[in-house]
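Below is one structure, written out as structure tokens; the observations come after it.
The values are calculated or read from the model by the stated rules, or taken from the named source; none is laboratory data. If you're wondering where the values come from, they're calculated on a predicted model, not measured in any experiment. Don't worry about glycine lacking a Cβ; one is built from the backbone with ideal geometry, like all the others, and counts go over all protein chains shown. SASA here: full protein model, heavy atoms, side chains in, ligands and nucleic acids out. Shrake-Rupley method; radii C 1.70, N 1.55, O 1.52, S 1.80 Å.
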Amino acid sequence: MGMTTITVKAGQKPTKEQIKRIRAAAKAPINYTPDCPKSTPEALAEFAARARELRKNIKTNKPAVTIRISAACLAKYKILGKGYTGIMADVLDYVADNPEILTKVRG
């Protein structure tokens with residue numbers, strides 16, 4: 001079986017046919033090839049250790065804060081899907097690093 005590709009735009013729900021194709025693809029066996037072999041237990045352990053390290057750094061380096069923004073602004077970011085709060089943080093970092101942007105916005 002080949003690769004299954006389904007495109008769903010931000011804010012759009014998948015159709016019943018797309019959901020059916022996704023479920024069928026999830027049940028299909030994985031075909032390993034020479035250029036993409038099955039991972040060894042050692043490689044999986046290494047990936048897991050790296051993931052734990054990355055998660056630990058994320059939790060310790062980014063404190064949680066509460067801000068008030070307009071519903072319209074929040075909706076624009078939510079359209080971006082999962083991870084939109086990280087994108088918001090990136091935008092805030094960019095503006096903090098480039099204060100001349102604030103003079104353009106605030107006049």
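Tabulated values for the structure
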item: In degrees, nearest ten, helix 84-97 long axis to first principal axis of the chain (Cα); result: 40 degrees
item: Solvent-accessible area of Ile22 with every protein chain in place, 1.4 Å probe, in Å² to the nearest 10; result: 80 Å²
item: Between 0 and 90°, nearest 10: helix 16-27 axis offset from the chain longest Cα axis; result: 60 degrees
item: Where Rh is the Kirkwood radius over Cα pairs, Rg/Rh for the chain; result: 1.10
item: Å² per residue, accessible surface of the chain at 1.4 Å; result: 94 Å²
item: For the chain, with +1 on Lys and Arg beta carbons and -1 on Asp and Glu, the positive-most of Cys36, Ala75, Leu102 along the dipole; result: Ala75
item: More than 15 Å apart - percent of Cα-Cα pairs taken over segment 20-60; result: 65 percent
item: With every protein chain in place, segment 1-61: carbon and sulfur % of accessible area (1.4 Å); result: 59 percent
item: Karplus-derived 3J(HN,Hα), 6.51/-1.76/1.60, for each residue of segment 6-13, Hz, glycine and proline x; result: 9, 10, 10, 6, 4, x, 9, 8
item: Pairs of lysine residues in the chain - Cα separation under 27 Å, sequence separation of 8 or more or cross-chain; result: 28
item: HN-Hα J in Hz across segment 68-78 - Karplus 6.51, -1.76, 1.60, θ = phi - 60°, x for Gly and Pro; result: 10, 10, 5, 4, 5, 5, 4, 4, 4, 6, 5
